[in-house]
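Here is the structure we will look at.
The values are calculated or read from the model by the stated rules, or taken from the named source; none is laboratory data. All figures in this text were calculated on a predicted structure; none of them were measured in a lab. Positions of Cβ are generated from backbone atoms using ideal geometry, with glycine treated the same way; all protein chains shown enter the neighbour counts. In case anyone asks, the SASA skips ligands and DNA or RNA and just uses the protein heavy atoms, side chains included. Shrake-Rupley method; radii C 1.70, N 1.55, O 1.52, S 1.80 Å.
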Amino acid sequence: MKLLICNWKENKTLSDCLKDKKIIEQCDLSNIKLVLCPSYPYLPVLHSRKYYLGAQDVSEYANGSYTGEVSAEMLKSLDVKYVIIGHHEREMYFLENSDKQKKKIKNALDQDLKIIIPVGETLMEYQLDKTEEVIAKKLNDLLTDIPENKKKNIALAYEPIWRVGKSCPINKKEIMKVIIFIKQWLYDHQFPNNPVLYGGGLQLEDFDKLPEIDGFLIGNLSLNVENLCKVIAKFQNSTHVYKS
């Protein structure tokens, strides 16, 4: 069963979400684990038995006098199952560092939320052939102290920063090389069969080229509900599975 994470970022109105929800619920979701990650205000209205809810971020604090923050406990009370932590846009626009991300991961795991951690390189790092070095550093920074009984809650997504939001041809060989590298890191650090996803500039035709991958993290492509339904339809004939 493929894992498909839809990061809607800071997009959509309430009416947009309600219209999209009706359409998505009519899709055949039998062979896919779909996770919608809208902005915080829309989490309650998007609750559904057909798919899972995810949050785009979570507070580094448990609870308290932190105006504007949303804790992992609050997300759990809304039946949120997944949370994205460590996205490069949080690092770029909000100067989020590994120390903050580790606190967020701990709080999310304390509430037994499942975590999606995007990892990837900049264009310069890619050109200097430092992709694996950059990814290994982030994994070592964030995941070396995860309790054994919580490791199953981690999913990783290889998302090259230089491809996000851009439409350019994918290189399957390069992508699979990095996916295998990440899986080897997980194996070496005694993680179970955790899913490793791919994201970054994906087009509709790209999903057919990557049947071996556990799933995908998509942004812009998921904003158009017709395109999202087309992506979902592509997975109904998929035979690749992972143990979630």
Which one of these does W162 not meet: (1) part of a helix (DSSP H, G or I); (2) over 30 Å from I24 (Cα atoms)?
-> (2)
Mind listing just one residue for me: the one in the stretch 191-206 that is open to solvent by less than 10 Å² (accessible area, probe 1.4 Å) and of a type in the set (G, A, S) and, of those, modelled with the lowest pLDDT?
-> G200
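Out of I5, I32, I need the residue that is open to solvent by less than 40 Å² (accessible area, probe 1.4 Å), modelled with pLDDT of 95 or more and not hydroxyl-bearing (S, T, Y). Which one?
Details: I32 fails: modelled with pLDDT of 95 or more.
Selected residue: I5, the only one of I5, I32 that is open to solvent by less than 40 Å² (accessible area, probe 1.4 Å), modelled with pLDDT of 95 or more and not hydroxyl-bearing (S, T, Y).
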Being under 21 Å from L223 (Cα atoms), among the hydroxyl-bearing types (S, T, Y) and touching a helix residue (DSSP H, G or I) at 6+ places or on another chain (Cβ under 6 Å), is that true of even one residue in the stretch 20-42?
-> yes
Going through the stretch 216-226 in order, the residues found to be modelled with pLDDT of 95 or more and touching a Leu at 6+ places or on another chain (Cβ under 8 Å) are F216, L217, I218, S222
Taking only pairs six or more apart or across chains, which ones have beta-carbon atoms under 7 Å, a first residue in the stretch 58-82 that is touching a residue at least 24 places away in the same chain (Cβ under 8 Å) and of a type in the set (K, R), and a second residue that is surrounded by 14 or more Cβ atoms within 10 Å (Cβ to Cβ) and in a loop (DSSP other than H, G, I, E, B)?
-> K76/Q111; K76/L113; K81/L113
Hey, can you tell me all the residues within the stretch 123-157 that are in contact (Cβ under 8 Å) with a residue 24 or more places away in the chain, polar (S, T, N, Q) and either part of a helix (DSSP H, G or I) or within 22 Å of G215 (Cα to Cα) (or both)?
-> T131, N153
Which one is farthest from C229 (Cα to Cα) among residues in the stretch 1-47 that are among the small types (G, A, S) and more than 19 Å from the chain's Cα centre (by Cα)?
-> S15
In the stretch 128-159, how many are closer than 26 Å to L221 by Cα and modelled with pLDDT under 95?
-> 0
Look through the stretch 10-19, keep the residues that are in a helix (DSSP H, G or I) and either open to solvent by 20 Å² or more (accessible area, probe 1.4 Å) or of a type in the set (A, V, I, L, M) (or both), and return whichever of them is farthest from A155 (Cα to Cα).
-> S15
